[in-house]
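In what follows, a structure is listed as structure tokens, so that the remarks can point back to it.
The values are calculated or read from the model by the stated rules, or taken from the named source; none is laboratory data. In this text the structure is predicted, and so the values were computed from the model without any measurement. All Cβ positions, glycine included, derive from the backbone under ideal geometry; neighbour counts span all protein chains shown. Surface accessibility is based on the protein's heavy atoms, side chains included, excluding ligands, DNA and RNA. Shrake-Rupley method; radii C 1.70, N 1.55, O 1.52, S 1.80 Å.
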Amino acid sequence: MDIPSKYDPSLTEDKWYDFWMKKGFFRSVPDDREPYTIVIPPPNVTGVLHLGHILNNTIQDILVRRARMQGKNALWLPGTDHASIATEAKVVARLRERGIRKTDITREEFLQHAWEWRQKHGDIILEQLKKLGASCDWERTRFTMDEVLYESVIDVFIDLYDKGLIYRGIRMVNWDPKALTAVSDEEVRPIEMKSKLYYVRYKIEDAEDEWITVATTRPETILGDTAVCMNPADKRYRHLAGRRVLVPLINRPIPVIFDEYVDMEFGTGCLKITPAHDMEDYRIGVKHHLPLIDVFNDDGTMSPAAQLYIGEDRFVVRDRISEELASKGYMVKIEDYINRVGYSERTNVAIEPRLSLQWFLKMEALAPPALEVVLNNSVRFHPAKFKNSYRHWMENVRDWCISRQLWWGHRIPAYYLPTGEIVVARSKEEAFQKARANYPEHTIRPDDLTQDEDVLDTWFSSWLWPISVFDGIRSPENPDIRYYYPTHDLITAPDILFFWVARMIMAGLEYRKEVPFRNVYLTGIVRDKLGRKMSKSLGNSPDPIQLMEKYGADGTRVGMLMTSPAGNDLPFDEVLCEQGRNFSNKIWNALRLVKGWEVEDSLRQSQACKISVKWFESRLNQAIYQIDGLYTRYRISDALMMVYKLIWDDFCSWYLEMIKPEFGKPIDRATYDATTVFFEKQMQLLHPFMPFITEEIWHLIRERGESESIMVSRMPQRKRIHHKILERFDHEREVIIALRNVRKEKKLQPRETLELYVKKNFGEEPDTSFDPVICKLCNLSSILYVDEKPANTLSFILRSTEFYIPFTDTVDHDAEIQKLQEELDYQKGFLEAVNQKLENARFVQNAPAAVVEKERKKKADSEARIKVIGEQLAAFRR
């Protein structure tokens with residue numbers, strides 16, 4: 001068979017992906033098999049593939065491909081999220097390039113532009129995932145604004161409103177001045193920043209020259225102050241009870257109030273209260289019945305209520321007002337200060353707390369059941385450490401602000417009567433009928449109703465994703481939802497644990513009375529070698545498509561998994577992808593070696609080949625058992641490394657060398673057939689990680705039928721493991737390595753045939769099982785077992801066995817004594833450390849029995865070794 005000298009991913013990846021697609025191997029429909037289901041965390045339609053996607057989707061593909069090879073009906077359902085804020089920003093920017101402002105067109109015209117943008121750009125990331133090898137059922141691709149999903153979101157809003165769980169009210173919210181919308185608490189990212197602490201004087205009203213000093217990080221909000229607050233226990237300010245102070249620059253009088261919230265040790269112990277622009281100030285303002293003065297416009301510029309700097313940006317005003325306060329004698333001092341500022345996850349601008357009329361979903365009834373199923377392990381987190389942070393969040397959850405001041409998204413199905421009453425309905429016609437029934441005292445026409453302008457938070461559609469993709473809201477008993485729900489595994493990042501994972505659990509319990517998934521695998525954050533988060537602005541985020549072009553999709557997948565244990569950040573280095581590519585080349589060279597052998601049917605199998613086949617069969621079965629265990633514990637990267645070492649070390653570096661025929665000579669049929677089976681099974685174990693090269697090799701290693709594919713073959717099952725053979729080879733491997741080291745040290749040519757004498761001690765019987773292998777790999781003419789040390793030999797000791805090699809040159813006795821003494825000193829130190837462990841009663845009582853037994857075996861081996869070395873030293877010194 002003509003196999004190219006180098007593996008070229010560009011010749012195989014598109015070929016095999018098209019083959020899988022044409023054969024329908026990704027397709028899933030309900031049948032009698034056990035289902036295995038993953039729904040993709042829907043990427044934003046604005047997105048393009050980044051390294052986080054590569055990591056996340058590679059893990060999903062691994063689990064799906066493995067389940068498929070286990071005979072399960074595996075479904076990986078793909079889709080995208082409409083991403084209200086991000087998409088609207090893209091469309092607004094595109095319109096601006098054409099000289100069109102959003103405010104100059106109607107909502108319907110804007111949505112037409114948005115849909116056009118979605119049609120052009122929305123599926124880019126899904127097409128990129130195909131390059132990665134993602135085995136999704138593309139016929140089931142969903143979009144959160146599809147008709148089925150859109151109607152599901154509206155139905156859920158109406159249902160929750162009718163249950164009294166959704167309400168409308170004025171609350172302090174996180175306002176994004178760039179996106180011009182409220183965002184949820186979970187979409188605010190606190191960033192530690194170098195700021196300033198401004199100490200500003202406020203004059204006491206009706207006092208000739210009496211002032212108090214207030215410390216603030218936001219002098220621009222002084223213009224919205226409605227009180228100054230002190231702690232009632234603070235004796236410094238008790239005399240000010242009932243007094244008023246004047247707001248600097250505008251001289252508006254505001255009261256002095258007292259509240260236990262104030263920290264007497266912070267700043268001067270005086271706190272300016274701006275209820276319209278701080279969460280805690282708002283709480284104090286409500287408690288003390290303070291007025292609210294909103295000094296900001298929606299875009300973060302100063303409003304007319306500020307009286308000064310009207311229309312100027314809040315951060316420009318911060319500098320300007322501090323200068324004016326200083327020039328007019330109000331500024332006492334300015335200090336450097338480190339504080340945490342909330343930034344929008346979506347637009348990366350500083351969030352502005354402000355009062356706003358919004359829609360909210362009550363969490364008090366939904367959160368406790370969603371917490372309980374995690375605490376009782378109905379839903380398991382991998383790693384489990386995230387249970388604690390999940391519990392903390394769920395026990396302190398606040399009502400969810402679900403409205404967004406945008407046009408792109410699921411429009412809130414609330415309709416307003418001219419008199420202010422609200423009806424919630426699927427359509428204007430239905431709302432009209434409800435209004436007539438609910439408010440018969442009003443004479444209204446359909447045109448009198450106006451629909452709410454806002455849309456729902458993107459996450460209000462995403463929290464239904466595992467249900468709505470199967471139409472489980474509109475049609476709760478349809479075959480798909482009954483077969484595929486609950487799904488099995490969710491692969492996602494810890495940063496959306498609360499505002500997506502938690503809410504999906506809430507929705508699943510509310511609408512299916514069952515959790516939406518059994519396991520949540522939480523990936524780490526991809527960082528560069530310096531520990532920085534990957535970002536375009538830092539220029540440290542490589543293009544995944546370019547990585548795949550350079551190293552192949554398989555090499556890139558392996559590179560991403562090399563150092564990514566669940567829940568831990570991934571210090572990405574492109575060298576890892578290169579290592580993945582090198583692994584592909586190693587496997588390819590092994591294939592070329594095996595396929596290059598001539599097979600002789602009449603040739604009898606040698607003893608070396610026979611024991612080698614037995615050893616590798618047990619090693620393969622042992623690896624299958626270990627790999628299955630790692631999958632069960634969701635240690636996906638460790639499973640990859642287990643397969644990697646099996647192929648690279650055990651198969652390529654040892655087994656193939658053990659059975660390789662001499663140059664120009666054939667191999668026997670039994671060994672060759674066994675090797676082919678071993679190769680196939682290893683490719684099956686590797687396939688979930690490296691789908692393309694394994695499919696290519698699967699078809700090259702033996703003749704296949706037209707519709708045969710490794711991805712629908714059955715995953716190898718563990719068979720009998722001969723532990724004695726494995727243990728024996730571990731010892732013989734040490735012998736082979738030691739012999740090779742002697743050759744290297746003494747500069748003995750590999751072609752020079754040697755003899756080996758072996759002296760067993762302590763009544764041990766020789767096991768000659770692997771002697772033919774040792775002779776072959778070390779070029780030995782014979783292995784002889786002796787009772788005494790032969791003359792003129794070099795020696796080395798392994799465990800309690802002595803090995804001797806005849807050596808014609810004069811042996812340097814002093815050098816041999818020094819080498820033995822160094823080994824003796826090391827063994828005595830080692831034995832002392834082992835004894836300390838075994839003399840520790842707590843260790844012996846609490847450690848697993850297998851661990852204690854292992855230490856005892858170490859002790860016995862070390863004592864035997866010390867005795868043998870001592871005897872050798874004594875012989876040299878006689």
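Side notes on the structure shown:
- Shown for the chain: the carbon plus sulfur share of the solvent-accessible area, taken with all protein chains present and a 1.4 angstrom probe, equals 49%.
- Size estimate for segment 205-251 follows the Kirkwood approach: the inverse of mean 1/r over distinct Cα pairs works out to 12.2 Å.
- Electrostatic tally near residue 844: other residues with Cβ closer than 15 Å to its Cβ, Lys and Arg +1, Asp and Glu -1, net +4.
- Entries of 178/513; 102/194; 387/533 with Cα pairs more than 31 Å apart: 178/513; 102/194
- Contour excess over end-to-end distance, with Cα ends at residue 813 and residue 3 and 0.36 nm allotted per residue: 286.2 nm
- Per-residue extension of 0.36 nm, minus the Cα-Cα distance of residue 761 and residue 427, leaves a gain of 111.1 nm for this segment.
- Within-12-Å neighbourhood charge of residue 419 [Cβ basis; K, R +1; D, E -1]: -3
- Low-density loop positions, trypsin sites (Lys or Arg not before Pro), segment 721-763 - DSSP coil, at most 14 other Cβ in 10 Å: 746, 747, 751
- With a threshold of 32 Å on the Cα-Cα distance, the over-threshold entries among 203/287; 819/858; 759/857; 22/645; 23/586; 614/744 are 22/645.
- FRET efficiency for the residue 444 to residue 648 pair, using the beta carbon distance and R₀ = 60 Å, is estimated at 0.20.
- Taking 0.36 nm per residue of separation and subtracting the Cα-Cα distance, full extension of the segment from residue 139 to residue 734 would add 208.7 nm.
- Each helix, a run of at least 4 DSSP H residues, gives -39500 (n - 2.57); summed and divided by the residues of the chain, these come to -13000 deg cm²/dmol at 222 nm.
- Accessible surface computed residue by residue for segment 226-343, with neighbouring protein chains in place and a 1.4 Å probe, gives 50 Å² per residue.
- Taking the average, over residues, of other Cβ atoms within 10 Å as the packing measure, peptides 47-56, 847-856 rank 47-56, 847-856 from highest down.
- Considering only the chain, percent of DSSP beta bridges that pair antiparallel, nearest 5: 70
- Reported to the nearest whole Å, the Cα centre-to-centre distance from segment 799-878 to segment 60-134 is 65.
- Solvent-accessible surface (1.4 angstrom probe) belonging to residue 100, in square angstrom, nearest 10: 50
- Backbone N under 13 Å from the residue 234 label point (7 Å along Cα→Cβ), restricted to segment 245-286: 256-273
- Charge dipole (Cα centre; +1 on Lys/Arg Cβ, -1 on Asp/Glu Cβ; no other charges) of the chain amounts to roughly 1540 debye.
- Computed log₁₀ I(q)/I(0) - Debye formula, equal Cα scatterers, no solvent, segment 147-259, q 0.18, 0.19, 0.22 Å⁻¹: -1.04, -1.10, -1.26
- Contact order relative to length of the chain, as percent, for alpha carbon pairs under 8 angstrom and 6 or more apart: 12
- The chain: angle of helix 723-745 to the longest principal axis, Cα-based, in degrees nearest 10: 80
- Most positive-pole-ward Cα, 82, 548, 575, against dipole of the chain from beta carbon charges: 575
- Rolling a 1.4 Å probe over the protein heavy atoms gives segment 781-878 an accessible area of 63 Å² per residue.
- Net charge over other residues, Cβ less than 12 angstrom from the Cβ of residue 19 (K, R count +1; D, E count -1): -3
- For the peptides 502-509, 826-833, residues were scored by their other Cβ atoms within 10 Å and the scores averaged per peptide; the highest-first order is 502-509, 826-833.
- Our note on the geometry: Cα centres of segment 254-278 and segment 376-443, 35 Å apart.
- For segment 365-422, the solvent-accessible area with a 1.4 angstrom probe is 43 square angstrom per residue.
- Ligands, DNA and RNA aside, residue 243 has an accessible area near 80 Å² when probed at 1.4 Å.
- Sparse-neighbourhood loop sites, GluC sites (Glu not before Pro) in segment 550-659 - DSSP loop, at most 13 other Cβ within 10 angstrom: 598
- Among the trypsin sites (Lys or Arg not before Pro) in segment 577-627, those placed in a DSSP loop whose Cβ has at most 11 other Cβ atoms within 10 Å are 604.
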